[in-house]
1. For the structure I just gave you, tell me whether residue 238 is assigned by the TED database to the domain that holds residue 17 and either in contact with a helix residue (DSSP H, G or I) (Cβ under 7 Å, 6 or more places away or on another chain) or part of a helix (DSSP H, G or I) (or both).
2. Output yes when any residue across segment 164-186 is closer than 30 Å to residue 290 by Cα, surrounded by fewer than 17 Cβ atoms within 10 Å (Cβ to Cβ) and among the acidic types (Asp, Glu), and no when none is.
3. One residue is enough: does segment 99-122 have a residue meeting the conditions free of Cβ contacts under 8 Å to residues at least 40 places away in the same chain, under 24 Å from the mean Cα position of the chain (by Cα) and not in a helix (DSSP H, G or I)?
4. Hey, could you check segment 123-146 for residues that are assigned to a loop (DSSP other than H, G, I, E, B) and of a type outside the set (Ser, Thr, Tyr) and say which is nearest to residue 24 (Cα to Cα)?
5. Only residues that are farther than 19 Å from residue 435 by Cβ, buried (at least 17 other Cβ atoms within 10 Å of the Cβ) and acidic (Asp, Glu): list them for segment 366-404, please.
6. Which of the residues that make up segment 39-74 are assigned to a helix (DSSP H, G or I) and crowded, with 22+ Cβ neighbours inside 10 Å?
7. Just to be sure I understand, how many residues within segment 196-240 are closer than 25 Å to residue 13 by Cβ and among the β-branched types (Val, Ile, Thr)?
8. Only one of (1) of a type outside the set (D, E, K, R); (2) more than 22 Å from residue 121 (Cβ to Cβ); (3) surrounded by fewer than 16 Cβ atoms within 10 Å (Cβ to Cβ) is not met by residue 150, so which one is it?
Amino acid sequence: MRGLAEIAVILAAGKGVRMKSNLPKVMHKVAGQPMVLHVVTAARRAGLNRAVLVVGHGREQLENELADRGLEFVVQDEQLGTGHALMQAERLIAPSDTVMVLCGDTPLLRAETLQALLEHHRGQGATATVLSTRLSDPTGYGRIVRDREGRLERIVEEKDAPPEIKAIDEINSGLYCFQAQAVFEALKEIKPDNAQGEYYLTDVLPVMIKNGLQVEVFLHSDAEEVHGINDRIQLAYAEKVLRRRKNQELMRNGVSMMDPDSTFIDMQVEVGPDTLIYPFTFIEGNTRIGSNCVIGPGTHIIDSVIADGVRIERSKLLECEIGEGCNIGPFGYIRPGTVLKRGVKVGDFVEIKKSVIDEGSKVPHLAYVGDAQVGKRVNIGAGTITCNYDGKNKYVTVIEDDAFIGSNTNLVAPVKIGRGATTGAGSTITKEVPPETLAVERARQKNIGGWAKRKNQAHDEG
């Protein structure tokens, strides 16, 4: 086994009882992705070579959903504490490796903090380094107990702490760096002699100190980063923090936001400079937005690619591709598989589904276009519907360049409208329309004179 690697071991076996959920705690999403992936991302950006997840509750779901993330998995069948969890990873780690132990429920960790912890650990030549911070309310956390010289003496968990220890405000974050051989040897010496009956990872530190090994504490000033998630309230707090960070990052890079507090953007979203985002806009998943766009207000975009110079107002877009200079909304609904080419207009109360609409075409209002191939410079009038479903199968509508679709036209697929053709308003088109042709299909209008007077007389007599 290769040695001298720096490996992240991420503890993710807990059930998360206080979440009151069937979903494994670390799979709850924060800013668009499972919280454990935020930890994995921070570890990788910090330069750790490998990431090992210790899984237990919901292990199959974790392994299935994270299968393509380049992670290694070990199983903690019984949750017997953090020390016991690390023991499960020993077979994957060489004695000469450096092990960084992280918690899967701390998505606010920054890569820069993990880098600083590693550098401190290396620089001090330590066998073990604990990351600590100070909290105004340290309830629930293990306390850092130092000796008279300020060196670490031990860590006491909240449930085992007497009042004088609970008064200490320096807490254990649950993050550690270890020399692998030393920590696995120390783990063999610890016992579950505590209120929980568990093997605490913190108990290896007094063992190391007793054996004359160097144990360091890295005091970190930003307590927010070690915020752990145990319930929905803490989950919401982490969500707010990560979204604030994302919005600030985008604004530093040239994106404008009218009100960052009411703008919700997932961590993996990309937005180009000089784009303006209005309030009550949600941008999720792997969305990429170009430069000089105007997005919102009241817009929801998921897993879509938006080119430069696009305007989207009060609309919803799902898994679609929007070309340069398009204009969408208000109240547009662009569904998966749709591609709008350069300069397309999709107006108010228009739904587009799994269709390609070529350059310069317009669907200004009150229309449904589904499973269609629309050419260039086409105008689709208000109330037009592509009738693409017969109750069993979906069919394609083809509208060639420069066609004009009159208002309230029903296009019954499969059907083709030729280049430069026109359909009369109110027509139901069931057959191919040749190029440069006017197609009209509706009953001839009949005007009945004197009808209103006769109707009123009938009502009066009745």
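The values are calculated or read from the model by the stated rules, or taken from the named source; none is laboratory data. All figures in this text were calculated on a predicted structure; none of them were measured in a lab. Counting neighbours? That spans all protein chains shown, and the Cβs are built from the backbone with ideal geometry, glycine included.
1. Details: assigned by the TED database to the domain that holds residue 17: no; either in contact with a helix residue (DSSP H, G or I) (Cβ under 7 Å, 6 or more places away or on another chain) or part of a helix (DSSP H, G or I) (or both): yes.
So residue 238 fails the test.
2. Of segment 164-186, the ones closer than 30 Å to residue 290 by Cα are none.
No; the residues of segment 164-186 include none that is closer than 30 Å to residue 290 by Cα, surrounded by fewer than 17 Cβ atoms within 10 Å (Cβ to Cβ) and among the acidic types (Asp, Glu).
3. no
4. Initial filter on segment 123-146 (assigned to a loop (DSSP other than H, G, I, E, B)): 124-127, 135-142.
Filter once more, keeping what is of a type outside the set (Ser, Thr, Tyr): 124-126, 135, 137-138, 140, 142.
Working: 124: 37, 125: 37, 126: 34, 135: 28, 137: 27, 138: 26, 140: 21, 142: 24 Å.
Selected residue: 140.
5. Of everything in segment 366-404, just one residue is farther than 19 Å from residue 435 by Cβ, buried (at least 17 other Cβ atoms within 10 Å of the Cβ) and acidic (Asp, Glu), namely 371.
6. Going through segment 39-74, the residues assigned to a helix (DSSP H, G or I) turn out to be 39-45, 59-65.
Hits for segment 39-74 are 39, 40, 42, 43, 62.
7. Number of matching residues: 6.
8. Of (1) of a type outside the set (D, E, K, R); (2) more than 22 Å from residue 121 (Cβ to Cβ); (3) surrounded by fewer than 16 Cβ atoms within 10 Å (Cβ to Cβ), only one is false for residue 150: (2).
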